[in-house]
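**Student:** Before I ask anything, here is the structure I am working with.
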Amino acid sequence: MNPTVYVIDDDAGIQEVLDWLLTSVGLEVRPFSNAQDFIKVINSDISQGIQSGCILLDVRMPVMSGLELQQVLLENSIMIPVIFITGHGDVPMAVNALKLGAFDFVQKPFNNQQLLDTVLKAIRASEDILARESRVRDKELKLSVLTARESDVYSLLVLGYSNKGISKELDVGTKTIETHRANIIKKLNVRDLSELMAIELVDKIEPEVSL
């Protein structure tokens, strides 16, 4: 599935221009004239497993502004990169949106190539987000086989505690900790502590920076 760009703008002319520009480079475009209609479909799209994309969002719209929609996205942990489209007078608001986590903002009238570059960067960022979420799910699935006590031991192992240190921390015998450690190694199908650490760090991998 091609990356999806959600265009939310009440200006039909802007929508038409953006649709032409984005589809010309193979992107799928889903236009909305207001934030409310977008909200109705985004949760469905997420549940169906959208691949990657971003949101092009006008700052000023009737009923619900772009900034208000951004707040709704934040409250619902919808982590799709947002690029605000602003007029000159909206720049202070756009700067505030950046502080709240917006990916970028583009001023009208926009340069087509600069807008495309920003959209493509946002899509790469969304792919990084999706990849990290996938790693987190895989990690949680792997760790779900551990018992509550084994999870306690695992948490201390990956923090660098020795068997003796874990024994003292959990107030149980060293032999018991050794047994738990052996069970953890077996259940997680790893050979040693370094491979155990790799499981713990997999969701903390920083994405490569594309210039």
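Just so it is clear, none of the values below were taken in a lab; they were calculated from the coordinates. Just so you know, these numbers come straight off a predicted model, no measurement behind them. So basically every Cβ, Gly included, is an ideal-geometry build from the backbone, and we count neighbours across all protein chains shown.
**Student:** As a check on your grasp of the helix formula, calculate [θ] at 222 nm for the chain: sum -39500 (n - 2.57) over DSSP H runs of n ≥ 4, divide by the residue count, round to the nearest 500. Write out the running numbers ahead of the final one.
**Tutor:** On the way: 9 runs with 117 residues, N = 211.
After summing the helix terms and dividing by the residues of the chain, the value is -17500 deg cm²/dmol.
**Student:** Here's a follow-up. Rounded if a/c is under 1.5, else prolate if a/b beats b/c, else oblate: with a ≥ b ≥ c from the C-alpha gyration tensor eigenvalues square-rooted, which is segment 145-204?
**Tutor:** Cα axes put segment 145-204 in the prolate bin.
**Student:** At a threshold of 8 angstrom on Cα-Cα distance, excluding pairs fewer than six apart, so keeping six or more, what relative contact order does the chain reach in percent?
**Tutor:** Reported as a whole number, the value is 15 percent.
**Student:** Considering every pair of different Cα atoms, what Kirkwood radius, in Å, is found for segment 1-86? Mind showing how you got there, number by number?
**Tutor:** Numbers: mean 1/r = 0.0771 Å⁻¹.
Averaging 1/r across every pair of different Cα atoms and inverting gives 13.0 Å.
**Student:** Sort 120-126, 188-194 for me by packing, meaning the mean count of neighbouring Cβ atoms within 10 Å per residue, highest on top.
**Tutor:** Going from most to least packed, we get 120-126, 188-194.
**Student:** Setting aside same-chain residues fewer than 8 positions from LYS175, which aspartates and glutamates have a Cα under 19 Å from its Cα?
**Tutor:** By straight Cα distance, LYS175 reaches GLU150, ASP152, ASP192.
**Student:** Based on alpha-carbon centroids, what's the gap between segment 83-134 and segment 1-22 in Å, whole number please?
**Tutor:** 14
**Student:** Near LYS142, which lysines are there with a Cα under 20 Å away, not counting those fewer than 8 places off in the same chain?
**Tutor:** Answer for LYS142, where 20 Å is the Cα cut-off: LYS186, LYS187, LYS204, listed by chain and number.
**Student:** Ok, one more. Step by step: find N for segment 111-184, compute 2.2 N^0.38 Å, then divide the Cα radius of gyration by it. What's the final number?
**Tutor:** Working it through for segment 111-184, the quotient is 1.85.
**Student:** Let me ask something additional. Could you grab the Rg to Rh ratio for segment 44-123? Cα atoms only, Kirkwood for Rh.
**Tutor:** 0.97
**Student:** Next question. Starting from the Cα gyration tensor of the chain, multiply each eigenvalue by 5, take the square root, and state the resulting semi-axes largest first in whole Å.
**Tutor:** 47, 17, 15
**Student:** Taking the 0 to 90 degree range and rounding to the nearest ten, how far is the long axis of helix 174-187 tilted relative to the main principal axis of the chain, both from C-alpha atoms?
**Tutor:** Roughly 50 degrees, rounded to the nearest 10.
**Student:** Given a cut-off of under 8 Å on Cα pairs at least six residues apart, what relative contact order in percent is computed for segment 80-160?
**Tutor:** Reported as a whole number, the value is 28 percent.
**Student:** If you don't mind, another one. Can you tell me the dipole magnitude for the chain around its Cα centre, using point charges on the Cβ only (Lys, Arg +1; Asp, Glu -1), in Debye to the nearest 20? Walk me through the intermediate numbers first.
**Tutor:** On the way: 21 positive and 30 negative charges, 214 e Å.
In debye, rounded to 20, the chain gives about 1020.
**Student:** Using a 7 Å offset from Cα along Cα-Cβ at ARG30, what residues in segment 97-123 end up with backbone N under 17 Å from the label point?
**Tutor:** 123
**Student:** Taking the Cα centre of segment 142-200 as origin, work out the dipole magnitude from +1 charges on Lys and Arg Cβ and -1 charges on Asp and Glu Cβ, in debye rounded to 20.
**Tutor:** 180
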